[in-house]
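Notes follow the structure.
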Amino acid sequence: MTAVDAKVTTRDDSQQEWQTLQRLILPPQEQMDTVPLYVDMGAAAGVRIPKTGFTASDDQKPRTVSSPTPEAHSEDFVSRFSMAARPGDRVSFGTYFNAFPASYWRRWTTVDSVRLSVTTSGTGAIVVYKSNSRGSLQRVDSASVEGQTTTVFDLSLKPFGDGGWYWFDVVAGSGPVVVRGAEWQTSGPAPRRGTVTLQITTLNKTDFCLNNLRLLAQDAEALDVLQEILIVDQGSDKVARAEGFDDVRARLGGRLRVIEQRNLGGSGGFSRGMYEAVANGSDYVLLMDDDIVVETESILRLVTFADRCKTPTLVGGHMFDLYNRTVLHTFGEVVNPYRIQPALPSEDAELGHDFMVSNLRQTPWLHRRADVDYNGWWMCLIPTSVIREIGLSLPIFIKWDDAEYGLRAKERGFPTVSMPGAGVWHVSWVDKDDLVGWQAYFHTRNRAITALLHSPYELGGRVIRELQQDDVKHLMSMQYATVQGRSWALRDLLKGPKHLPGILETKLPEIRKMLSTYTDSMLKPDPDDFPPPRMAKPPRHGQGFRRPNSAMLVPWALKTVVRQLAKPVVEQSKERPQANVPHIDNKWWRMSQYDSAIVSNAEGTGASWYRRDPRTLRRMLAESAKLHADLLTRWRSLSSEYKNALHDLTSIESWRETFNEHTLSDSR
């Protein structure tokens, strides 16, 4: 350790003013299933081995194996900010919510050093660690503690160019040590604390909304930075009429306002939040989904970070799985510019990381700073100065609104940071399939719009090719309703950008009406609603259907398309399905072998009857080919058209007209 790395004292004799950047937090008693996100017991002992064995190769990602660590005892959590370490135990705060993400502060803010201040009682030791971008753990310093004392460590941020965290462990001696509080601090003149409009867009998620409002009412410090809490209610189950609403509204001290408007989708709801934050003079708008549980400390962390950024910056929180609360959905997202598809920031990152299985100290890829293109609007703080300059969301109802906005901001010099240590628990879509059904229209159209606006490649790179390939896959899977929606998406795209605001409210009802005419989108909850399956001709040798190998995939797919076009449908399959197919097996290369099948949905709440129809297949293949050929031919002119219309589509004035037309009530 060098002098610039750390300096430890047991009291602060300086006259400097210190501001808190991040403080130690602990889970409430009713959320003990989230303990691994806050506290880690024992040493970070483990050995890194390749995933496939002990012989490493360049393309094998290492993983860490270690013996199980002791579990934390709920009775040791003294308060939201205080915890006891039992005699002889080691408690590590090298965790998602309590380690300090040093590389993010170094890269994006004006902070160049921090002070760790830990208040303890009892006899033991504090050990400070850091990591680098490779995930290597390094001991920085330590100090013995006795009685009630505050120990401080002065720490530089210079070594954290590409990644790395700071954290500390507490080791108890012959008696317990109680951590009574800990803070990561910085000195110097404090910036003015930015004011925030926290906005939630909701559609019939009343219970979630009320729960988050109660959580906010319980956290006075988080509530103190909120100028206004705005619920944009676009559903039929109104939040303002729910039992308990009046009570929680009173507890929020006049900060809560509810706007009821017609269903303009996520983009319409979140744009309303942006619009109102600009109008009321807030420094930031904090956009949040309705179906979440918020870690309220995240609000303070996002604002504190944004206040100190070198340039106006969008700062977002991460998303954890609401039903498996130690699982992190993703550590950051970029948009693959050649495909215009979401991607992970690095090849080592993984989707759905479980901190219960591998903690922060044992997971090397989590220590590399993840530089992102956008942050999902489940929780994203946006400076109103950015909104004034680049506008609001595109009027595209749902899907791609957050990604497009992040790309637009980046092109104008406003970065996005997905901030570790700030997050919500959200209903995960990993086990959902929103590429079929009514959402397929919005995925297809809005991905293409994003490509027209932001693709750096000639003719959008792979976008047109992949869109058409996806049509073929859906058709081979007998998902005719989905392909019809995707065809509508391209037809509307080709009409140009001017019609987008006018169909915000009307398009979804049209899609739902269309879906009701296709059996593959008619969901029934009871398996007995369908005839029992029977296969007239069983699979060859009883082996079932297997995915062709990569070398044969293209010719096999072409042969399958020809077969589906030419081969008559087995008569028996018109009256009864040939198989029951679980959602996990609903793959195009498998479904293409059936004439008829009952397929369950991703949520497990029901199933639909897929039926092969060569006539529909021929019509939709021809329509898809024509639409994609038109898109290819007109790509350059459409790109210019959408780019030229972007300012008008996203301007405050344009959205004001939309809101005036669709607002039902405003509790102001």
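Within segment 168-187, not a single residue is at pLDDT below 95, in contact with an Asp or Glu (Cβ under 8 Å, 6 or more places away or on another chain) and part of a loop (DSSP other than H, G, I, E, B).
I'd like the full set of residues that are of a type in the set (Val, Ile, Thr) and on the phi > 0 side of the Ramachandran plot, limited to segment 318-359. Please lay out each step first, then the result.
Residues of segment 318-359 that are of a type in the set (Val, Ile, Thr), as a first pass: 326-327, 330, 334-335, 340, 357.
Correct list: 340 only.
Kindly evaluate residue 608 against the criterion of being of a type in the set (Ser, Thr, Tyr) and either part of a loop (DSSP other than H, G, I, E, B) or in contact with a Leu (Cβ under 6 Å, 6 or more places away or on another chain) (or both). For residue 608, the condition - of a type in the set (Ser, Thr, Tyr) and either part of a loop (DSSP other than H, G, I, E, B) or in contact with a Leu (Cβ under 6 Å, 6 or more places away or on another chain) (or both) - is met. Taking first residues from segment 209-234 that are assigned by TED's automatic domain parsing to the domain that holds residue 290 and partners that are among the basic types (Lys, Arg) and in a helix (DSSP H, G or I), the Cβ contacts under 6 Å between residues at least 6 apart in sequence or on separate chains come to 217/251; 232/272. Here residue 339 passes the criteria (1) surrounded by fewer than 18 Cβ atoms within 10 Å (Cβ to Cβ); (2) modelled with pLDDT of 95 or more; (3) over 16 Å from the mean Cα position of the chain (by Cα); (4) not hydrophobic (A, V, I, L, M, F, W, C) except the one numbered (1). In segment 580-599 there is at least one residue that is charged (D, E, K, R), surrounded by 15 or more Cβ atoms within 10 Å (Cβ to Cβ) and touching a residue at least 24 places away in the same chain (Cβ under 8 Å). Test residue 410 against the criterion of being part of a loop (DSSP other than H, G, I, E, B), of a type in the set (Lys, Arg) and modelled with pLDDT of 95 or more, and give yes or no. In short, no.
Out of 524, 507, I need the residue that is touching a Phe, Trp or Tyr at 6+ places or on another chain (Cβ under 9 Å), basic (Lys, Arg), within 30 Å of residue 268 (Cβ to Cβ) and in contact (Cβ under 8 Å) with a residue 60 or more places away in the chain. Which one?
Working: 524 fails: within 30 Å of residue 268 (Cβ to Cβ).
Within the list 524, 507, the selection yields 507.
Basic (Lys, Arg), closer than 17 Å to residue 185 by Cβ and modelled with pLDDT of 95 or more, is that true of residue 158? Working first, answer last.
Values: basic (Lys, Arg): yes; closer than 17 Å to residue 185 by Cβ: no; modelled with pLDDT of 95 or more: yes.
Spelling it out, it is not the case that residue 158 is basic (Lys, Arg), closer than 17 Å to residue 185 by Cβ and modelled with pLDDT of 95 or more.
Looking across segment 495-518, the residues that are surrounded by fewer than 15 Cβ atoms within 10 Å (Cβ to Cβ) and either touching a strand residue (DSSP E or B) at 6+ places or on another chain (Cβ under 7 Å) or not basic (Lys, Arg) (or both) come down to 496, 499, 502, 506, 509, 510, 516, 517. Taking the condition closer than 23 Å to residue 516 by Cβ, surrounded by fewer than 19 Cβ atoms within 10 Å (Cβ to Cβ) and not assigned by TED's automatic domain parsing to the domain that holds residue 562, does residue 623 pass? Answer is yes for this residue. One residue alone among 255, 192 is free of Cβ contacts under 8 Å to residues at least 60 places away in the same chain, of a type outside the set (S, T, N, Q), surrounded by fewer than 21 Cβ atoms within 10 Å (Cβ to Cβ) and in contact with a helix residue (DSSP H, G or I) (Cβ under 8 Å, 6 or more places away or on another chain), and that residue is 255.
Okay, residues lined up against (1) of a type outside the set (S, T, N, Q); (2) under 30 Å from residue 660 (Cβ atoms); (3) assigned to a loop (DSSP other than H, G, I, E, B); (4) in contact (Cβ under 8 Å) with a residue 12 or more places away in the chain:
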site: 293; (1), (2), (3), (4): yes, no, no, yes
site: 304; (1), (2), (3), (4): no, no, no, yes
site: 320; (1), (2), (3), (4): yes, no, no, yes
site: 328; (1), (2), (3), (4): yes, no, no, yes
site: 348; (1), (2), (3), (4): yes, no, yes, yes
site: 380; (1), (2), (3), (4): yes, yes, no, yes
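Evaluation of residue 429 against the conditions (1) modelled with pLDDT of 95 or more; (2) within 18 Å of the chain's Cα centre (by Cα); (3) of a type in the set (Phe, Trp, Tyr) shows that the sole unmet condition is (1). Residue count for segment 123-138 satisfying the condition of being touching a strand residue (DSSP E or B) at 6+ places or on another chain (Cβ under 6 Å) and surrounded by fewer than 22 Cβ atoms within 10 Å (Cβ to Cβ): 6.
Has segment 588-596 got at least one residue that is assigned by TED's automatic domain parsing to the domain that holds residue 457, out of contact with any Lys or Arg (no Cβ under 6 Å at 6 or more places or on another chain) and outside any loop (DSSP other than H, G, I, E, B)? Yes, that holds for at least one residue.
Filter segment 382-407 down to the residues that are among the polar types (S, T, N, Q) and either in contact with a His (Cβ under 7 Å, 6 or more places away or on another chain) or not in a helix (DSSP H, G or I) (or both) and list them by number.
Narrowing segment 382-407 to residues among the polar types (S, T, N, Q): 384-385, 393.
Residue satisfying the conditions is 393 alone.
Here residue 575 meets each of (1) more than 30 Å from residue 262 (Cα to Cα); (2) without any contact (Cβ under 8 Å) to a residue 12 or more places away in the chain; (3) surrounded by fewer than 13 Cβ atoms within 10 Å (Cβ to Cβ) with one exception, condition (2).
Results for (1) outside any helix (DSSP H, G or I); (2) at pLDDT 80 or above; (3) among the small types (Gly, Ala, Ser), shown as yes or no for each residue.
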{"site": "528", "(1), (2), (3)": "no, yes, no"}
{"site": "533", "(1), (2), (3)": "yes, yes, no"}
{"site": "536", "(1), (2), (3)": "yes, no, yes"}
{"site": "545", "(1), (2), (3)": "yes, no, no"}
{"site": "548", "(1), (2), (3)": "yes, no, no"}
{"site": "552", "(1), (2), (3)": "no, no, no"}
{"site": "555", "(1), (2), (3)": "no, yes, no"}
{"site": "559", "(1), (2), (3)": "no, yes, no"}
{"site": "562", "(1), (2), (3)": "no, yes, no"}
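Of the residues making up segment 413-446, those that are assigned to a helix (DSSP H, G or I) and buried (at least 22 other Cβ atoms within 10 Å of the Cβ) are 440, 441, 442, 444, 445, 446.
Taken together, the residues in segment 71-90 that are outside any loop (DSSP other than H, G, I, E, B), among the charged types (D, E, K, R) and touching a residue at least 40 places away in the same chain (Cβ under 8 Å) amount to 1.
The values are calculated or read from the model by the stated rules, or taken from the named source; none is laboratory data. Predicted model only: the values in this text are computed from it and were never measured. Cβ sites come from the backbone with ideal geometry, for glycine too, and all protein chains shown count toward neighbours.
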